[in-house]
1. For the stretch 44-363, what's the relative contact order in percent, using C-alpha pairs closer than 8 Å and at least 6 residues apart?
2. For the stretch 361-368, take each phi angle, set θ = phi - 60°, evaluate the Karplus expression 6.51 cos²θ - 1.76 cosθ + 1.60, and give the result in whole Hz per residue in order, putting x for glycine and proline.
3. Holding the Cα-Cα limit at 31 Å, pick out from Lys204/Lys268; Lys17/Lys101; Lys182/Lys289; Lys122/Lys216; Lys70/Lys170 the pairs that are longer than that.
4. Would you mind working out the magnitude of the charge dipole of the chain relative to its Cα centre, with +1 at each Lys and Arg C-beta and -1 at each Asp and Glu C-beta, to the nearest 20 Debye?
5. Which chymotrypsin sites (Phe, Trp or Tyr not before Pro) in the stretch 185-241 pass both tests, a DSSP loop state and at most 12 other beta-carbon atoms within 10 Å?
6. Mean Kyte-Doolittle of at least -1.0 and a Cα length of 18 Å or more along the axis: which whole DSSP H helices of the chain meet both?
7. When the chain is fully extended, how far beyond the present Cα-Cα distance does Tyr57 get from Leu112, taking 0.36 nm per residue of separation?
8. Would you kindly state how much longer the chain becomes between Leu18 and Ser357 on full extension, computed as 0.36 nm times their sequence separation minus their alpha carbon distance, in nm to one decimal?
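Every number in this text was worked out from the coordinates using simple rules, so none of it is lab data. Please read these numbers as outputs of a predicted model, since none were measured by experiment. Every residue, glycine as well, gets a Cβ built from its backbone with ideal geometry; the counts of neighbours run over all protein chains shown.
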Amino acid sequence: MTIIDAFLFLIVHSIDKLGIWHRLPVFLGLLYLSVRRHLHQEYSLFNVGRSPTGVRYNPADYPYRTADGKYNEPFNEGAGSQGTFFGRNVLPVNQQDKLKKPDPMVVATRLLARKKFIDTGKQFNMIAASWIQFMIHDWVDHMEETAQIELVAPKEVANQCPLKSFRFYKTKEVPTGFWDIKSGALNIRTPWWDGSAIYGSNEKRLHKVRTFKDGKLKISEDGLLLHDQDGIAVSGDVRNSWAGVSILQALFVKEHNAVCDTLKREYKDLGDEELYRHARLVTSAVIAKVHTIDWTVELLKTDTLLAGMRGNWYGLLGKNFKDKFGHVGGAILGGVVGLKKPENHGVPYSLTEEFVSVYRMHSLLPDYLQLRDISAAPDSHKSPPSTDKIPMPSLIGRGGEKNIIWNWIYQTNGFNGPPSFWGIGTMELSHVAQGRRSTGC
Ligand code: HEM
């Protein structure tokens with residue numbers, strides 16, 4: 001570490017100790033964040049595995065998103081593609097002897113299990129919780145072993161655990177062929193912000209979701225996801241899903257199709273493949289934009305973060321300038337979106353193990369979802385009246401989607417409810433649990 005960086009580290013560390021950065025005036029807060037970002041870029045990015053190199057190609061040949069995420073980084077064709085290693089922000093430590101001490105079931109029961117539901121007040125709602133899972137399904141999923149392993153609850157907590165034993169697929173550990181980080185895990189989703197949740201992460205899945213007519217994706221007539229003969233949703237990603245995610249998937253399939261319609265009206269010569277490619281670029285950019293300057297700003301509700309996220313997107317020159325003149329200058333002046341060359345700070349692009357760990361936000365999920373009739377007059381707390389309360393497990397998978405639809409039908413019969421995908425609008429979008437993580441126990 002250089003002397004200047006050591007000094008900067010000391011300042012950042014002292015501010016962290018005081019826990020005050022978010023209360024600093026916006027300018028100082030931004031300064032703190034930019035120094036922190038600089039230190040992370042210099043010292044907290046580690047490549048795992050062989051850097052996926054290959055023939056250097058001409059980016060002009062691939063001005064679109066490929067199915068498996070290849071050819072997105074001009075100097076590194078494989079970076080960010082399906083099946084590449086998760087990177088690291090800290091060097092891994094061998095946990096072999098420590099991982100089961102204390103026993104994970106004891107930790108889950110004594111420390112993490114939700115004893116009391118604590119909500120997030122007005123800050124965060126179920127659309128926001130569904131949204132972040134929709135993003136996870138765009139970015140990350142660890143490749144697993146094919147055989148299951150079992151954790152058995154030790155006697156001391158067994159009677160407090162609904163599951164006395166818990167079977168799951170272990171993450172597959174893959175040798176890297178390198179000395180410093182010997183093994184790692186592979187990402188089966190493309191870590192790029194490329195809409196994998198609706199387009200999939202490989203050619204086979206993409207083939208399944210496309211209509212091959214006017215660039216469009218498949219969607220059922222009622223505006224929800226189509227299902228195949230086995231009842232599985234026809235969508236980019238169907239693992240660990242629930243009604244909240246399916247509804248967002250359906251919404252963005254429709255967005256994609258609407259972009260295709262608009263493009264076709266304006267550019268009559270464009271064929272199916274070109275319409276699909278352009279619409280995917282537009283839709284992926286809309287998703288990234290919603291996440292960066294709408295969702296994240298709502299989660300991290302401070303003036304400094306608002307300025308920081310908008311700075312990332314539009315740069316110091318701001319939105320008006322970017323809208324008028326396009327991207328000008330480097331990351332600070334023009335924002336990170338639209339840079340002429342990628343800046344990867346010495347490692348190929350990937351998302352990291354530590355990133356996945358902090359995004360395991362299962363505690364966002366409430367135990368029940370309260371449905372409300374938004375067409376009826378609100379009560380004295382300005383809430384529409386409740387119609388039903390559905391336990392979360394009933395909203396998972398195909399059954400979950402049916403439950404939402406059923407409730408919508410119930411409401412339309414009685415109260416003139418909203419159109420189908422607005423089912424989400426009829427949920428008690430209020431309050432998601434905070435803090436305590438609810439786990440297997
Ligand atoms: C009903 C909703 C959900 C279900 C059924 C579900 C289920 C699962 C399951 C079975 C796994 C794999 C097992 C494991 O590694 O623990 C997983 C992983 C994960 N989930 Fe969820 N989850 C849900 C909601 C969410 C939400 C709201 C988030 C918020 C960010 C989230 C983030 C993650 C992450 C980051 C992983 C790790 C992915 C990886 O392996 O790379 N999940 N989820």
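1. 20 percent.
2. 9, 5, 6, 5, 6, x, 7, 10
3. Numbers: Lys204/Lys268 29 Å; Lys17/Lys101 29 Å; Lys182/Lys289 36 Å; Lys122/Lys216 37 Å; Lys70/Lys170 27 Å.
Too far apart for the 31 Å limit: Lys182/Lys289; Lys122/Lys216.
4. Working: 54 positive and 46 negative charges, 152 e Å.
Computed charge dipole of the chain: roughly 720 debye.
5. Those that pass, being in a loop and sparsely packed, are Phe212.
6. Helices meeting the criterion: 3-18, 26-43, 126-139, 243-266, 272-290, 397-415.
7. Details: separation 55, 0.36 × 55 = 19.80 nm, distance 4.88 nm.
Here the answer is 14.9 nm.
8. Answer, rounded to one decimal: 119.5 nm.
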